[in-house]
Structures are given as structure tokens and as C-alpha cells.
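These notes are about the structure you will find just below.
The values are calculated or read from the model by the stated rules, or taken from the named source; none is laboratory data. Here the structure is a predicted model, which means the values were calculated and not measured. Note that we place each Cβ from the backbone using ideal geometry, even for glycine, and neighbour counts take in every protein chain shown.
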């Protein structure tokens, strides 16, 4: 079963840094990521998804490969590759893998303009090693499907990173809910 967590940050750069840290930990086999998306709420209020994988590009590459192979059968590999790439890109554009885009947009409507959130979907993680490495960036936990123990550990680590005694002066760029509490 996969787990999801969403952490809000004051700015896009911090959210991107945390996503890169997750990718690095994935290469170290500390976390098995399925998807990691940074969602930005621009100053004009529009929501922008920064996907880690471009489905149209993946579809075009796969389509070009298979189109070229099929084209070889008819002695037209370039034509087959071109048709396959176009069909693959169209199919990829219609495919939504990983975290549901509508879910991310709906949840991100609560972000204040200029803020960003990291949506991370993973199968497994060495939480005792992952949580401290992402907590150093601060942020505000918005939503999670983690166990209560892991959620409490993540929430405490994020809050500790924002306390003045830890040396971090960056407050969380959390959702603008009007009540000062995170939207869940």
C-alpha cells in the first residue's frame, strides 16, 4: 500500500529542494517514490503543477520505439516512428499516473499566493532516516496517509525545524485557512 504526505512551504524553491532531496534519498534506497509533485499557487491565484514525469514525453518515446519496430515490418521505420511518437504523446497527455491532478489542485486552493506544496507518494520509506532530512526545510504538514506514529513524528520534526532555538527562521508557507490551522 502506498502512503501520501503533503507539506506546504513559503516558496517554490524550498518545495523543489525538498523534492530533489527525496529523489536523492530514492537513489540511496531510503524511500521508494511513486510520485513527487510540487504544486505552486502563483501570485495571481492560479495553480501550477510541476510534475516529475512528463506523460506526453514518455508516451512519445515509447510510441516512437514501437512505431519504428512496426515500421520496420513495412520497410518504413521513420514513418512508423513518427506516427508512433504522435500517438504515444497523445495517449500520454490523456494519462494521469501517480497522484490525482484534481486532488492536488483542490487541496492547493488553500495555499496562500506565492506558496507551494510538495505532494509525495511512496511505497516504503526508512522513516527514521527520511523524516529528519526533509524536516530541516521546515514546512507545514497539510495532509497525510501515514500511520499516526509516523505522522506525529513528521509533524513534530517539521515544527521543531521552525522553532527559534533550532536556528531556523523560516516559517512554514502553509495554507491560508484563516484560522491558523492546517487544512486537512
Looking only at segment 7-55, which residues are free of Cβ contacts under 8 Å to residues at least 60 places away in the same chain, touching a helix residue (DSSP H, G or I) at 6+ places or on another chain (Cβ under 8 Å) and within 26 Å of residue 132 (Cβ to Cβ)? 50, 52
Limited to segment 23-38, what total is found for residues that are buried (at least 21 other Cβ atoms within 10 Å of the Cβ) and either over 11 Å from the mean Cα position of the chain (by Cα) or within 21 Å of residue 161 (Cβ to Cβ) (or both)? 3
Every residue in segment 137-163 that is out of contact with any helix residue (DSSP H, G or I) (no Cβ under 6 Å at 6 or more places or on another chain) and either in a loop (DSSP other than H, G, I, E, B) or not assigned by TED's automatic domain parsing to the domain that holds residue 12 (or both), please. 145, 146, 147, 163
Any idea which of (1) at pLDDT below 80; (2) in the same structural domain as residue 15 (by TED's automatic domain parsing); (3) surrounded by 13 or more Cβ atoms within 10 Å (Cβ to Cβ) is the one residue 81 doesn't satisfy? (2)
State whether one or more residues within segment 131-142 are free of Cβ contacts under 8 Å to residues at least 24 places away in the same chain and under 24 Å from residue 42 (Cα atoms). no
Is one or more of the residues making up segment 109-128 in a helix (DSSP H, G or I) and either touching a helix residue (DSSP H, G or I) at 6+ places or on another chain (Cβ under 9 Å) or farther than 26 Å from residue 43 by Cα (or both)? yes
